[in-house]
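The structure appears right after this line, and notes come after that.
The values are calculated or read from the model by the stated rules, or taken from the named source; none is laboratory data. Note that this is a predicted model, so its numbers are computed, not measured. In this analysis, Cβ positions are derived from the backbone assuming ideal geometry, glycine residues included, and neighbour counts consider all displayed protein chains.
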Amino acid sequence: MEDRLSSFRKYSRYLLKYGTAIALIIQMINGTLFAPEFHISSTFITVLAWVTIGFLLIPHHISTKIGASILLGLFIYVTIHHGIFYMLDYGFYVAIIGVLLVGNTKLEKAGFPFLYLGTGLSLSWVAVEKWVYPGMALDIVTNHHVPTFGFAPELFVVMAAFIEFVVGYLLVVGILNRVLGFVVTGIFISTTMLFGMTEVIGHFMIHIVLIIFIIEGVSFYNPPIKMHKTKTDQFIFVFLNFIFVLATFLLIYYRFA
């Protein structure tokens, strides 16, 4: 199984490139950009988004870089209008853009580690949001009759946020392997079945990224945990950094968001 998945690594960049184009097409058809709540009201932005899609669909690294550059401009535009802390939920797009920009350059090998880091931090930030503002998540659980498996809705939201934060943290430190990748992908697929098209618009790109993680494993990534040789040192590293990252995110959210 490992060897079979590894054989698909040569297609990872194409999957990311064309997956991004498809995600943008889905968003544009629904009149949104990056997320279901970001509705497009400008014809110019609509044109730029379709131009980005066109460049990404062209099978050449120069057109990919042009498309990624325009996409970065669109992300900055949306960030200016909605605020940087709101857009941190979708920070993985910056990582995706980074991977597309460094393709066929000396920095190409740094692309996917950056994707790990960006996606992990983005998931962790969304998890902290559920702790700080649980009302939004509780509203979704209540209105959509999300199964809580016997737990009180409030406790279920806290637990779900904790799992999401842990997954994001594991991505950052390089522990998330293919097995966990399959599990997380299954969770996202189940939420898509529950929430329908809105979930597809918001999480299609995450699905693509998770598929890439499943294909790549951790082979291309020099995990920070590998700086420590013994299991004891690795355990201490993971534990202390988990506390540090959690405390930092909570501090930033309560102080600035």
Test for residue 41: is it among the small types (Gly, Ala, Ser) and closer than 30 Å to residue 178 by Cβ: no
Count of residues meeting criterion [in contact with a Gly (Cβ under 7 Å, 6 or more places away or on another chain) and either among the aliphatic types (A, V, I, L, M) or under 18 Å from residue 60 (Cα atoms) (or both)] in segment 70-99: 4
Residue 76 farther than 17 Å from residue 208 by Cβ, more than 19 Å from the chain's Cα centre (by Cα), part of a helix (DSSP H, G or I) and free of Cβ contacts under 8 Å to residues at least 60 places away in the same chain: no
Subset of segment 1-15 that is assigned to a helix (DSSP H, G or I) and farther than 26 Å from residue 60 by Cβ - its residue that is modelled with the lowest pLDDT: 2
Flag for residue 94 being modelled with pLDDT of 85 or more, over 13 Å from residue 253 (Cα atoms) and crowded, with 23+ Cβ neighbours inside 10 Å: no
Members of segment 184-211 found to be farther than 22 Å from residue 12 by Cβ and either at pLDDT 85 or above or aromatic (Phe, Trp, Tyr) (or both), listed by number: 195
Filtered residue count, segment 167-176, keeping only those that are in contact with a Leu (Cβ under 9 Å, 6 or more places away or on another chain) and over 18 Å from residue 205 (Cα atoms): 4
Among (1) at pLDDT 90 or above; (2) under 30 Å from residue 131 (Cα atoms) - the single one residue 84 does not satisfy: (1)
Residue within segment 212-225 that is under 21 Å from residue 20 (Cα atoms), of a type in the set (Asp, Glu) and modelled with pLDDT of 70 or more present: yes
Residues that are at pLDDT below 75 and within 18 Å of residue 132 (Cα to Cα), drawn from segment 143-159: none
Given (1) in contact (Cβ under 8 Å) with a residue 40 or more places away in the chain; (2) crowded, with 17+ Cβ neighbours inside 10 Å, number of the condition residue 70 does not satisfy: (1)
Output for segment 128-185, where each listed residue is touching a residue at least 12 places away in the same chain (Cβ under 8 Å), polar (S, T, N, Q) and assigned to a helix (DSSP H, G or I): 185
Identity of the residue in segment 115-141, modelled with pLDDT of 85 or more and aliphatic (A, V, I, L, M), that ends up farthest from residue 85 (Cα to Cα): 115
Qualifying positions in segment 16-40 - modelled with pLDDT of 90 or more, more than 17 Å from the chain's Cα centre (by Cα) and either part of a loop (DSSP other than H, G, I, E, B) or among the basic types (Lys, Arg) (or both): 31
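Tell me which residues, restricted to segment 28-45, are without any contact (Cβ under 8 Å) to a residue 40 or more places away in the chain and hydroxyl-bearing (Ser, Thr, Tyr). Working first, answer last.
So in segment 28-45, the residues without any contact (Cβ under 8 Å) to a residue 40 or more places away in the chain come out as 28-29, 31, 37, 39-45.
Hits for segment 28-45 are 41, 42, 43.
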Number of the condition not met by residue 44 [criteria: (1) outside any helix (DSSP H, G or I); (2) out of contact with any helix residue (DSSP H, G or I) (no Cβ under 8 Å at 6 or more places or on another chain)]: (1)
